[in-house]
Structures are given as C-alpha cells and as structure tokens.
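Take a look at the structure below.
The values are calculated or read from the model by the stated rules, or taken from the named source; none is laboratory data. All values reported here derive from a predicted model rather than from experimental measurement. We place every Cβ from the backbone using ideal geometry, glycine too, and count neighbours over all the protein chains shown. Accessible surface areas use protein heavy atoms only, side chains included; no ligands, DNA or RNA. Shrake-Rupley method; radii C 1.70, N 1.55, O 1.52, S 1.80 Å.
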Amino acid sequence: MSREVDDFFDETETKIPEDVSQLVEKQMDIAEAIADAIDKSEFKTRKDFAEAISMKPSMLSRILAGNVNLTLKTITKIEAALETDIIHVEEFKHEDSKMKPDYLPEFYQFIFKIPSNLYDIRKNQNTETEILDIETLTNSNLIQRDIHDAFA
Amino acid sequence: MNLGFKLVRIKVGKKAKIYSIQYDGEENHEFHKFVTNPEVCSHPDFQALRKKIKELYDKRGLLQQYFRSEDEKCLHSEICRIDYGVGYLRIYCIRWSDKMLILGGGGIKPDDIRFWQESTELSAEVRKIADAFNRIHEYLKINNLVIEDILED
C-alpha cells in the first residue's frame with residue numbers, strides 16, 4: 001500500500017489534530033443520540049420529525065450524518081420536540097453565598113468599620129484564611145456591636 | 001464478462017473492512033488518487049473527513065445515517081457519499097453491507113454549484129462508482145458468485 005494511504009488510516013506521518021478529532025467524535029455522538037431518540041419517539045419517520053420542528057429534511061439528514069456544528073438553540077429545539085435530553089450538562093453547583101474575597105475587605109470596612117490595618121495584615125494570607133478570619137470577626141462581639149450601631 | 005477492475009483491500013477495522021477499486025492497467029486504486037490529490041488533502045475539512053471514516057470502520061460501524069445518497073433515481077441506495085461540514089469535500093463509495101465499504105474517488109464541490117451534476121469532475125466520479133456497482137452486481141449474478149469471491153487482499 002502507498003505511503004499516503006497508510007498515513008490516511010494509521011496516522012503514520014500526519015496525526016489528526018486533537019481538536020478536530022474531538023469535534024467529529026462529539027458531532028457523531030450527538031447525531032446518533034438524535035437518531036436513536038427519533039426512532040424511539042412517536043414520530044413515524046425522520047421526515048415527520050423534521051416537519052414537526054420546521055426543519056428541512058435535508059438539514060436533518062446532514063445533522064444525522066454528523067456534518068453540522070449544531071447550535072445550543074437547535075439542540076434544545078430538538079430535545080423539546082423529542083422530550084428527551086440529547087446532551088446532558090451537570091447543573092452548576094453554586095457555592096454558598098460567599099462574596100468574592102476581592103470585595104470582602106471593602107465591604108466589611110464600609111459596614112463594620114474594620115480598621116484598614118487589620119485588613120492589611122489579613123490580605124497577605126491565603127484567600128481561605130482571609131474569609132475564615134473575617135467570618136470569625138463577623139461573629140465577634142466587636143463586629144456585632146458595630147452592626148448594632150450601624151442600624152441603630 | 002470481464003469485471004475490468006479488482007477490489008483491493010485497504011483497511012480492516014474493528015467494525016468494517018474497506019476496499020477500493022483498481023482498474024485494469026492502472027497502477028493505483030481510486031482511493032489512492034483521492035488522497036494524493038493536493039487539492040483534496042489540503043482542504044480544510046480533510047482531517048475531519050479522515051476522522052469520520054476512521055470512526056466508521058473502527059468504532060461505530062457503517063451506520064446508514066452517515067452515508068448520503070445521491071438524489072438520482074437511477075442510482076441504487078448503496079451508491080452514496082461520505083462528506084463533512086457543508087459537504088464540499090466528499091468521497092463516493094458503495095456501502096455494500098454493514099461491514100463492507102468500497103471507496104471510490106471524490107472531490108470538492110465548487111462553491112458556485114448546488115448539485116454534483118453541475119460539476120464535470122464530480123459527475124465523472126459518481127458515474128464511475130455507479131458503473132462499478134452495476135458491474136459487480138452483474139458479474140456476481142452471471143458467475144453465481146458472492147462478493148467475497150472477488151475480493152483481493
């Protein structure tokens with residue numbers, strides 16, 4: 001077999017770029033997931049499905065061939081019509097309502113009148129420590145009294 | 001009846017075997033001509049098409065959905081193409097079965113045309129692969145053979 005044909009299949013000389021490789025794989029995974037969902041759905045044919053979502057059958061055919069870089073909008077439209085998830089994204093887990101450390105010093109100084117020199121010492125420590133210490137301060141008698149004064 | 005070509009095995013994957021057509025008197029098979037065409041291998045979609053074909057023979061199998069039939073009534077459904085993106089870069093093939101694919105030649109659909117029939121180069125490739133398919137069918141029928149009888153390593 002020729003060098004070019006060998007290389008095409010076995011990547012002996014030219015590797016397929018990783019980003020291209022992953023994109024094609026994902027497009028084909030999504031294409032198969034959509035095809036499977038349509039086959040399991042109430043739509044009798046793929047053409048029926050295309051019509052139901054106002055899509056040209058030729059476009060659906062291109063999607064199922066793994067040829068389309070689908071937008072999230074189109075995927076969501078397909079998911080809604082098929083009443084199933086085509087792609088699954090873990091719900092983003094928000095941290096408890098901790099403010100960003102960058103804003104904390106100004107916030108606490110403004111509300112609780114923490115002396116700036118106290119913050120200057122704290123900010124040289126790592127972020128976690130900074131938050132913990134300020135939380136500790138918030139619970140301290142000194143800060144509790146400031147809160148009382150602030151809203152009195 | 002002389003077939004006029006041989007079917008040369010070019011890849012054995014986990015899910016399918018790939019062959020190409022080598023015409024009598026020619027030094028190289030059709031797929032070789034495709035991958036050595038500078039215009040083809042420098043096309044922006046060439047690497048993606050390569051990956052797609054790899055996925056077919058090694059991982060997913062020759063699923064029908066990945067093969068696009070040409071819209072012409074005289075063509076059998078086995079005669080189709082593999083393309084990528086908007087389909088400018090394409091390779092014509094015979095999807096003989098779920099596990100056997102015969103790759104022909106291909107090319108690039110110019111921007112200014114809508115159908116392959118408008119391109120002399122692409123039309124020639126489609127006609128060639130369609131003719132090969134018809135010849136194989138007839139040859140097997142006349143000689144009472146199955147496809148495995150005429151495959152070459």
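Please give the charge dipole size of the stretch B:22-123, origin at the Cα centre, charges +1 on K and R Cβ atoms and -1 on D and E Cβ atoms. Round to the nearest 20 debye. Don't skip to the end; give the middle numbers.
Values: 15 positive and 18 negative charges, 122 e Å.
So the magnitude is around 580 debye.
What residue among B:CYS41, B:CYS93, B:CYS80 has the largest mean-square fluctuation in a Gaussian network model of chain B, using Cα springs under 10 Å?
Among B:CYS41, B:CYS93, B:CYS80, the largest GNM mean-square fluctuation belongs to B:CYS41.
As a test of reading the structure, rank B:TRP96, B:TRP116 by solvent-accessible area (1.4 Å probe, protein chains only), most first. Please list the in-between numbers first.
Details: B:TRP96 60, B:TRP116 10 Å².
Per-residue accessible area, sorted high to low, gives B:TRP96, B:TRP116.
Using protein chains only (no ligands, no nucleic acids) and a 1.4 Å probe, work out which residues of the stretch B:79-119 have their accessible area cut by at least 10 Å² relative to the chain alone.
The answer is B:TYR84, B:GLY85, B:VAL86.
Tell me the label-point distance for the pair B:ARG114, B:GLU138, using the 7 Å Cα-to-Cβ offset, in nm and rounded to one decimal.
With each label placed 7 Å out from Cα toward Cβ, I get 3.4 nm.
What's the FRET efficiency of A:ALA80 with B:GLN64 using the Cβ-Cβ distance as r and R₀ = 35 Å, to the nearest 0.05? Walk me through the numbers on the way to the answer.
Numbers: r = 26 Å, r/R0 = 0.74.
Computed FRET efficiency for A:ALA80 and B:GLN64: 0.85.
Round to the nearest 10 and report in Å² the accessible area of B:ARG68, as given by a 1.4 Å probe over the protein chains' heavy atoms.
30
Any chance you could run the full-extension gain for B:ASP149 through B:ASN2? It's 0.36 nm times the residue separation minus the Cα-Cα distance, nm to one decimal.
Numbers: separation 147, 0.36 × 147 = 52.92 nm, distance 1.44 nm.
Roughly 51.5 nm would be gained on extension.
Given an 8 Å cut-off on Cα distances and at least 6 residues of separation, report the relative contact order of chain B as a percent. Let's see the in-between values first.
Values: 246 pairs, mean separation 37.0, N = 153.
Relative contact order, chain B: 24 percent.
Shape of the stretch B:6-76 from its Cα gyration tensor (a ≥ b ≥ c, root eigenvalues): rounded if a/c is under 1.5, otherwise prolate when a/b > b/c, or oblate?
Numbers: a/c = 1.23, a/b = 1.15, b/c = 1.07.
Because its axes are fairly even, with a/c under 1.5, the stretch B:6-76 counts as rounded.
So, with a 1.4 angstrom probe, what is the percent of accessible area on the stretch B:26-145 that is carbon and sulfur?
Working: 2620 of 5490 Å².
The nonpolar share, carbon plus sulfur, comes to 48 percent.
Which residues of the stretch A:56-75 end up with at least 50 Å² less accessible area in the presence of all protein chains than when their chain stands alone, using a 1.4 Å probe?
At a threshold of 50 Å² (probe 1.4 Å), the residues of the stretch A:56-75 that become less exposed are A:ARG62, A:ALA65, A:ASN67.
Can you pick out the pairs among A:LYS26/A:LYS56; A:LYS44/A:LYS77; B:LYS99/B:LYS128; A:LYS26/B:LYS128; A:LYS77/B:LYS99 whose Cα atoms lie more than 29 Å from each other?
Flagged as over cut-off: A:LYS26/B:LYS128; A:LYS77/B:LYS99.
Rounded, prolate or oblate: which fits the stretch A:1-100 when a ≥ b ≥ c are the square roots of the eigenvalues of the alpha-carbon gyration tensor, with rounded for a/c under 1.5 and prolate only if a/b beats b/c?
Numbers: a/c = 3.04, a/b = 1.21, b/c = 2.51.
Oblate shape, in that a/c is at least 1.5 and b/c is the bigger or equal ratio.
What order do B:MET100, A:MET1 take when sorted by accessible area (1.4 Å probe), most exposed first? Before the final figure, lay out the partial values.
Details: B:MET100 10, A:MET1 130 Å².
Ranked list, largest accessible area first: A:MET1, B:MET100.
Amide H neighbours of B:ILE10 under 5 Å, counting only residues 5+ apart in sequence or on other chains, H built in-plane at 1.01 Å?
Counting only residues 5 or more places away or on other chains, the set is B:ILE18, B:TYR19, B:SER20.
Give me the Å³ per residue figure for the convex hull around the C-alpha atoms of the stretch B:16-128.
On the way: hull volume 12.4 nm³, N = 113.
Considering the Cα atoms of the stretch B:16-128, their hull volume per residue is 110 Å³.
Kirkwood Rh over alpha-carbon pairs of the stretch B:102-153, then Stokes-Einstein at 10 °C and 1.306 mPa s: what D in µm² s⁻¹, rounded to an integer?
Result for D is 124 µm²/s.
Any idea of B:GLU39's accessible area? Nearest 10 Å², probe 1.4 Å.
110
Ordering B:HIS76, A:HIS94, B:HIS32 from largest to smallest accessible area (1.4 angstrom probe), what's the sequence?
These residues rank, largest area first, as A:HIS94, B:HIS76, B:HIS32.
Summing both sides, how much accessible area is buried between B and A? Use a 1.4 Å probe and give Å² to the nearest 100.
Working: alone 8610 and 11860 Å², together 17820 Å².
So the buried area, both faces added, is about 2700 Å².
Determine ³J(HN,Hα), in whole Hz, for all residues of the stretch B:88-100 in sequence, where each value follows from phi through the Karplus function 6.51 cos²θ - 1.76 cosθ + 1.60 and θ = phi - 60°; x replaces Gly and Pro.
Rounded to whole hertz, the list is 5, 8, 8, 10, 8, 7, 10, 8, 5, 8, 5, 10, 9.
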